[in-house]
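Peer 1: Below you will find the structure I want to go over with you.
The values are calculated or read from the model by the stated rules, or taken from the named source; none is laboratory data. Predicted, not measured: the structure shown is a model, and the values here were computed from it. Positions of Cβ are generated from backbone atoms using ideal geometry, with glycine treated the same way; all protein chains shown enter the neighbour counts.
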Amino acid sequence: MGMTRRDFLNACLGLGVIAVAGQQKVRANSHREQWYLFGTLVDVTLGGVDSDEAASALSSLSAELHQRNRDWHPWRPGIMGDINAAIASSEGIAVDGHMAHMVSQCQQLHLASDGTFNPAIGKIVAQWGFHGDSSKRGQLPDRDLIARILATAPSPQDLHLGDGNLVSHNTEVQLDFGGYAKGYAIDLGRQLLAQRGVALALINAGGDLVTLGHAPDEHPWRVAIRHPQRNGQIAWLEVYGSEAVFTSGNYERYREHNGIRYPHIIDPRTGGPVQEIASATVVHRDAALADAAATALVVAGSKHWQDVAERLGVDQAMVVDAQGRIDQTSAMAERLRLSS
Ligand code: AMP
Ligand code: MG
């Protein structure tokens with residue numbers, strides 16, 4: 001599909017991302033497709049390939065991402081549901097290589113993030129009503145029930161993997177990869193495109209994105225970061241080569257009760273939604289890490305986010321608090337342009 005620069009900008013603006021592909025061949029020869037996946041619109045732009053190559057790469061990418069969305073969906077029937085049913089009944093379950101890798105990476109991320117990233121609290125996330133396609137209304141969850149789950153300290157460290165078999169020592173563990181699987185999946189998507197010889201690509205999943213291609217001396221992708229509290233962008237940056245930019249925000253999904261907002265990111269220490277931080281943005285090569293880290297930094301809060309970022313090996317991050325105050329690492333400040 002041919003595309004003018006104006007079409008390209010208009011399309012990307014709607015998703016909170018402005019990606020300006022400077023190379024002539026990208027503008028003249030872009031190929032683009034969109035799918036609704038991971039709870040958001042996934043918009044893919046390829047450059048530097050001819051139409052046949054692009055169509056074939058997009059069709060493989062589509063198959064890959066649709067499969068991952070089905071497999072790792074946090075609440076629809078699928079692999080996660082089977083794993084969680086096995087955990088609840090103290091049974092072991094066979095898992096594939098990706099799942100084994102995800103579980104062990106999540107164990108490391110949980111430790112490195114000081115427990116702020118905890119994909120084992122799915123039971124608490126479900127109690128708050130975030131396992132559904134529409135927002136839950138009415139009464140807030142039973143605090144005693146949440147306290148009983150918390151008392152068992154559900155964590156990825158309760159999981160044990162051996163010979164492709166997953167067992168949990170805690171029946172209150174329920175895995176929810178909603179804070180991480182999108183990053184893992186689009187990382188796989190980027191690898192697939194690179195293996196197929198695609199020179200330039202942008203996979204934008206509702207403002208969380210990975211890029212492929214562009215050396216620093218070429219024109220980069222220009223990426224805007226959405227303001228968590230009002231329409232428009234809070235900042236923008238130029239992205240080169242293979243990078244990932246992920247933002248977690250308490251504006252994305254929340255429920256409301258008696259005029260109070262309860263956002264979907266849960267502090268594993270309290271079992272309740274995080275209110276202090278409005279959004280966190282992480283830039284890293286590894287999209288799975290960027291995704292998990294953005295969620296973790298929201299939980300870590302104003303006092304601890306820098307420590308948690310450092311422990312996770314993230315040197316480029318920005319955090320916006322509920323009052324709209326912006327804080328960022330020095331490496332992020334070097335490349336981020338704040339909007340006035
Ligand atoms: P994200 O948009 O990447 O920040 O992911 C948010 C989703 O991650 C939520 O909708 C939950 O499914 C899940 N989640 C909530 N709190 C946490 C947490 N503390 N650690 C890991 N995952 C979480
Ligand atoms: Mg995340």
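Peer 1: Taking the range 292-313, which residues are under 20 Å from the mean Cα position of the chain (by Cα), more than 14 Å from ligand 1 (Cβ to nearest atom) and touching a residue at least 24 places away in the same chain (Cβ under 8 Å)?
Peer 2: Selection gives 309, 311, 313.
Peer 1: Of (1) out of contact with any strand residue (DSSP E or B) (no Cβ under 6 Å at 6 or more places or on another chain); (2) more than 16 Å from ligand 1 (Cβ to nearest atom), residue 54 satisfies all except one. Which?
Peer 2: (1)
Peer 1: Whether any residue in the range 225-232 is in contact with a helix residue (DSSP H, G or I) (Cβ under 9 Å, 6 or more places away or on another chain) and at pLDDT below 95 is what I want to check.
Peer 2: First, the residues of the range 225-232 that are in contact with a helix residue (DSSP H, G or I) (Cβ under 9 Å, 6 or more places away or on another chain): none.
No, that holds for no residue.
Peer 1: State all residues of the range 160-199 that are more than 16 Å from ligand 2 (Cβ to nearest atom), surrounded by 22 or more Cβ atoms within 10 Å (Cβ to Cβ), hydrophobic (A, V, I, L, M, F, W, C) and closer than 26 Å to residue 266 by Cα; if no residue qualifies, say none.
Peer 2: 173
Peer 1: Taking only pairs six or more apart or across chains, which ones have beta-carbon atoms under 7 Å, a first residue in the range 167-194 that is over 16 Å from residue 294 (Cα atoms), and a second residue that is assigned to a loop (DSSP other than H, G, I, E, B) and small (Gly, Ala, Ser)?
Peer 2: 167/92; 171/90; 173/120; 175/120; 190/242
Peer 1: Are any residues in the range 266-285 in contact (Cβ under 8 Å) with a residue 40 or more places away in the chain, outside any strand (DSSP E or B) and touching a Gly at 6+ places or on another chain (Cβ under 8 Å), and if so, which ones?
Peer 2: Selection gives 268, 269, 276.
Peer 1: Right, another one. Does residue 317 qualify as being buried (at least 24 other Cβ atoms within 10 Å of the Cβ), of a type outside the set (Phe, Trp, Tyr) and not in a strand (DSSP E or B)?
Peer 2: For residue 317, the condition - buried (at least 24 other Cβ atoms within 10 Å of the Cβ), of a type outside the set (Phe, Trp, Tyr) and not in a strand (DSSP E or B) - is not met.
Peer 1: Scan 281, 295, 270 and give me the residue that is surrounded by fewer than 17 Cβ atoms within 10 Å (Cβ to Cβ) and closer than 25 Å to residue 125 by Cα.
Peer 2: Result of the check over 281, 295, 270: 270.
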